[in-house]
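Reading through the structure tokens given below for one structure.
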């Protein structure tokens, strides 16, 4: 059938071509929102990955600075206690290193490991 | 174009193929975008968990280092939460928290049992994503094991010397009530323990073995001193209780002066420079550091038995030359410091706020 269709020399009328184009466009348009949302999500995901990569590098810089005695981090206590022990926890002094506000990265460096 | 014609059927085929291709393309793109979004969310939680786990390991390391050798933390630690509202770490579960941290401290002995490792495994969980980090110590060698064989692990009797080992050396005996001591022979003896840092997890009582032995006195009448010296060469030394021996010369019995002492030395090329001199750090973490006065007794006859026994005088707490008691304190020590007879400036107290045992272990922990 396809062979005969392809070998047919008669062609299509202009109206047939226009109708076909309209139909194809309608079908394509139906997929446009899905495709555009997908592209938007991909861009968002890329931006977030870049954001976290940047956050990570900032974090590493701050940790290195804190280890060298850079003042400017918040002093906090970290409770350490054996599971099930009735002894009060040992409160480890140190600094909190934080990057970001709402979605933040947080870590802690004990006082003995920096020079503050 | 008639739909029932061959051309019409072919056109429908083309449209269906187009539909299939477009829907496949759109679905793939959608799935990919969803995957990317989830990956980004996981990346966020993964990083948050990683740094919280790091925080837990750091705190556990500090707690482990702060404890004395006998009370070092080991086992599962209580869960710690990071409170989103107070921006602090706490043991009780808050209403809103970023994540929580579970920490395990364990000691691993290798199959040959010639050294041990301490591992701190910190696992943080944020939004269902967990991440673990592990801190491991360098090998901590026991002094009684091969190839060191510095003392008997059951009796505590000192038996050997070693060359410098660039490791953390633990001196520990395993029989209840045992302590590190010299043998009972009344002959001069030197033992040399040398490592980057040495921690005595057992007390030292150098004359514990007694002196119920005998020897000929030809050496002694020449005026020589009976000396047994434990030479401790390390940049950082941690002691428990210490008992040294001292006996005055007894001219009536022709018995010499005797002393069993500890001399502190600094490994070559190491130490902290203070006032142009190199110092190490020594921590006396026990309750007593004293010298016990002994007295000579001698049996009758040509080849007389000499014995040393505790005198009735009370043990004397050891101090620096400047009068600071050693027990419970930390000092910078100069090379060659004899604990029985410290000289001026050989032991400088380390102010409490400057005492930092972490320095001894600064490079001891490594991240896996």
Taking the range A:65-85 and keeping residues more than 7 Å from every other protein chain (Cβ to nearest Cβ), within 23 Å of residue B:87 (Cα to Cα) and in a loop (DSSP other than H, G, I, E, B) leaves A:69, A:70, A:71, A:72, A:73
Within the range A:86-100, tally of residues that are in a loop (DSSP other than H, G, I, E, B) and more than 9 Å from chain B (Cβ to nearest Cβ):
4
Of the numbered conditions (1) part of a strand (DSSP E or B); (2) facing chain B (nearest Cβ under 8 Å), residue A:103 satisfies every one except a single condition; which is it?
(1)
Given (1) in contact with a strand residue (DSSP E or B) (Cβ under 6 Å, 6 or more places away or on another chain); (2) at the interface with another protein chain (Cβ under 9 Å from one of its Cβ atoms); (3) part of a helix (DSSP H, G or I), identify the lone condition not met by residue A:62.
(2)
If residue B:279 passes every condition in (1) more than 22 Å from the chain's Cα centre (by Cα); (2) touching a residue at least 40 places away in the same chain (Cβ under 8 Å); (3) more than 17 Å from residue B:193 (Cβ to Cβ); (4) not in a loop (DSSP other than H, G, I, E, B) but one, which one does it miss?
(1)
If residue B:75 passes every condition in (1) at pLDDT below 95; (2) over 30 Å from residue B:283 (Cα atoms) but one, which one does it miss?
(2)
Just wondering, is there one or more residues in the range B:255-267 that are touching a strand residue (DSSP E or B) at 6+ places or on another chain (Cβ under 8 Å), closer than 24 Å to residue B:163 by Cβ and free of Cβ contacts under 8 Å to residues at least 60 places away in the same chain?
no
Sole miss for residue B:250 among (1) over 21 Å from residue B:207 (Cα atoms); (2) at pLDDT 80 or above is condition (1)
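Yes/no matrix, rows are residues, columns are (1) more than 9 Å from every other protein chain (Cβ to nearest Cβ); (2) out of contact with any strand residue (DSSP E or B) (no Cβ under 6 Å at 6 or more places or on another chain); (3) within 16 Å of residue B:129 (Cβ to Cβ):
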position: B:12; (1), (2), (3): yes, yes, no
position: B:22; (1), (2), (3): no, yes, no
position: B:25; (1), (2), (3): no, yes, no
position: B:33; (1), (2), (3): no, yes, no
position: B:45; (1), (2), (3): yes, no, yes
position: B:51; (1), (2), (3): no, no, yes
position: B:85; (1), (2), (3): yes, yes, no
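Within the range B:236-258, can one find any residue that is in a loop (DSSP other than H, G, I, E, B) and in contact with a helix residue (DSSP H, G or I) (Cβ under 6 Å, 6 or more places away or on another chain)?
Taking the range B:236-258 as the starting set, the residues that turn out to be in a loop (DSSP other than H, G, I, E, B) are B:240-241, B:248-249, B:251-254, B:256-257.
Within this subset, residues satisfying the condition of being in contact with a helix residue (DSSP H, G or I) (Cβ under 6 Å, 6 or more places away or on another chain) are B:254, B:256.
Checked the range B:236-258: at least one residue is in a loop (DSSP other than H, G, I, E, B) and in contact with a helix residue (DSSP H, G or I) (Cβ under 6 Å, 6 or more places away or on another chain).
The values are calculated or read from the model by the stated rules, or taken from the named source; none is laboratory data. Quantities reported herein were computed from a predicted structural model and do not represent experimental measurements. Neighbour counts are summed over all protein chains in view; Cβ atoms, including those assigned to glycine, are modelled from backbone coordinates with ideal geometry.
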